[in-house]
Amino acid sequence: MNRLALVVALAFGVALAGCGRKTPPPPPPGPPPVVPATPPPAPAPQRAPEVVPQIDEYDRLLETASDQIDRMGLLADIHFDLDRADLREQDRQALAQNGDVLKRFDFLKVTIEGHCDERGSVEYNLALGERRARAAFDYLVSLGVSPERLKSVSYGKEIPVCSESTEACWARNRRARFSVTGKTEGRRR
């Protein structure tokens with residue numbers, strides 16, 4: 001047992017000796033060591049932006065096929081009263097707008113089609129359709145559209161847009177239609 005008592009006394013003595021001395025706390029940790037940062041990668045060489053030429057509406061239409069321009073609906077149809085070829089006020093306004101379009105796009109060639117409703121003989125309607133197309137032709141020329149760019153034709157009652165035998169349908173068929181049929185060189189070529 002002596003040994004055991006000796007070990008216990010020794011442990012007790014070491015413990016008392018350690019309690020009597022105070023050790024200072026360890027110093028606070030300093031800032032972390034400075035590691036040089038890896039520089040960001042160099043920016044990729046910038047390519048000059050591609051310059052896309054701006055095409056204005058004039059040049060775009062100049063490059064567009066005539067049948068595509070016709071389907072765009074740039075030119076409005078006008079309508080006539082029964083057995084008449086004189087222009088009504090609202091039709092003069094539509095013709096003025098058509099004239100503005102034709103002056104702006106001075107390369108368009110247009111056929112003015114005169115149409116009639118189903119009533120009357122073939123001969124009568126062909127003559128009436130011609131008068132209707134010619135009335136629109138003459139009005140556009142009076143607005144400054146070159147007559148060399150215009151052509152008039154009569155289809156009489158042969159190409160209706162409506163086939164019912166009603167006043168509403170007949171009124172739709174009594175018209176002058178503006179069809180883009182070709183192009184000239186235009187002012188910018």
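With coordinates expressed along the principal axes, the C-alpha atoms belonging to segment 54-189 extend over 51, 27, 24 Å, beginning with the largest. What the Cβ-Cβ distance of CYS169 and SER142 gives, at R0 = 30 Å and to the nearest 0.05, is a FRET efficiency of 0.45. Taking 0.36 nm per residue of separation and subtracting the Cα-Cα distance, full extension of the segment from LYS103 to CYS162 would add 18.1 nm.
The listed peptides 55-63, 144-152, 101-109, 125-133, ordered by packing as a protection proxy, come out as 125-133, 101-109, 144-152, 55-63 (highest mean of other Cβ atoms within 10 Å first). Between the beta carbons of ASP56 and ALA76, assuming R0 = 25 Å, the FRET efficiency works out to 0.65 to the nearest 0.05.
Each reported figure results from applying straightforward, stated rules to the coordinates on display, with no laboratory input. The model shown is predicted, which means the values in this text are computed figures rather than measured ones. Every residue, glycine among them, receives a Cβ derived from its backbone with ideal geometry; neighbour counts consider all protein chains shown.
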